[in-house]
1. Provide the per residue accessible area, probe 1.4 Å, for the chain, rounded to a whole number of square angstrom.
2. State the answer as a single residue: which of GLY95, VAL58, GLY18 lies farthest towards the positive end of the charge dipole of region 1-99, with beta carbon charges of +1 for Lys and Arg and -1 for Asp and Glu, about the Cα centre.
3. Just want the answer: with Cβ charges of +1 for Lys and Arg and -1 for Asp and Glu, which residue in SER256, ALA5, VAL153 is farthest toward the dipole's positive end in the chain?
4. Taking the Cα of MET1, stepping 7 Å toward and past its beta carbon, and measuring to each backbone N in region 56-95: which are under 14 Å?
5. Modelling each spin label as a point 7 Å along the Cα-to-Cβ direction, I'd like the ALA57/ARG121 distance in nm, to one decimal.
6. Using only Cα positions of the chain, each an equal point scatterer, no hydration layer, compute I(q)/I(0) via Debye at q = 0.08, 0.10, 0.12, 0.13 Å⁻¹ and quote the log10 values to two decimals.
7. Contour minus end-to-end for ARG48 and ARG268, with contour as 0.36 nm per residue of separation and end-to-end as the Cα-Cα distance?
8. So, by mean Cβ neighbours within 10 angstrom, what's the order for 80-93, 123-136, 218-231 with the highest one leading?
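The values are calculated or read from the model by the stated rules, or taken from the named source; none is laboratory data. Everything quoted here is computed from the prediction, not taken from an experiment. Don't worry about glycine lacking a Cβ; one is built from the backbone with ideal geometry, like all the others, and counts go over all protein chains shown. Surface areas here come from the heavy atoms of the whole protein model, side chains and all, with no ligands, DNA or RNA. Shrake-Rupley method; radii C 1.70, N 1.55, O 1.52, S 1.80 Å.
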Amino acid sequence: MRLTAMAPAKINRELRVGRLRADGYHEIRSRIVAIDLADRISAEPADRLAFSCDDPAVPSGAENLVVRAAELLAREAGIPARARLRLEKRVPMGGGLGGGSSDAAAALLLLDRFWGLAAGRDRLVDLAARLGSDVPFFLTGGEAEVSGRGEIVTPVEDSPSADLVLLVPPFSVSTAAVYREYAGRGTLPERLEISSGTGLRFLGRNDLAPAVLRIEPRMEPYLAAAGAITGDWAISGSGATIVLHGVRPGDTERLSARVPDARLIACRTLSRPEYRARVGSAGGLS
């Protein structure tokens, strides 16, 4: 038996970051939406837990979220972790697109079905929150507001489908480094309000963007290139990826000419029904 699940990425339409919590995480509030750029993960029978990926840059040991998800689910279920997991990586690493978190959520859904556990949604959400702040969103998909450290997910009405272009520089940005830089710059807001979906722009404010630029000044020409193409662009999350909305036909060629070393990915947002059709049919999302 071989089962396969898709693991779509996400973008942050808006991200506000506040105080440092007692648990070491920052309080956040964000509007997140899934996109159709996705990794693929498969599971086959094996006498132990084995993991491989077609991207050699992806770690294969205990630091990998897919491995951690498999081990956590098996431990909580009281069964041996036995499966051969294969990840086909398409979502850029360190880009602020939630690829590792989505892979972990897909692994939970896939292995819950593969091992015949029927753990239930509430239990999977609890395990997802223990794996990482972004992981619970990927058990919901579509468009949502997230708060707390990212583990509180409130689905909202899906916005109309939006065509996007992702500009991915040839380097990644460390989430931990970005948050450290952000925390070291003065007073942080106590009240976090977002406005995505209420204005003319599709993309809103990202509080982490200045910190991304300070720790990685190589971002400057890519940001300038994005701004020359459209007025509706933003850095996604704490990563290096720049999301562009409102790109006209022919603009991608202009963009590529300005930053030829960047990767350009055309994608679109996924509604919650579309997300469940892609993820749920293979991975058991309900």
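1. Per residue, the chain has an accessible area of 44 Å².
2. Final value for the positive-end residue is GLY18.
3. ALA5
4. Output list for this probe position: 82-84.
5. About 3.6 nm, to one decimal.
6. With no solvent term, the Cα-only Debye profile gives -0.32, -0.51, -0.74, -0.87.
7. Contour length minus Cα-Cα distance gives 75.4 nm.
8. My ranking of the peptides, most packed first, is 123-136, 80-93, 218-231.
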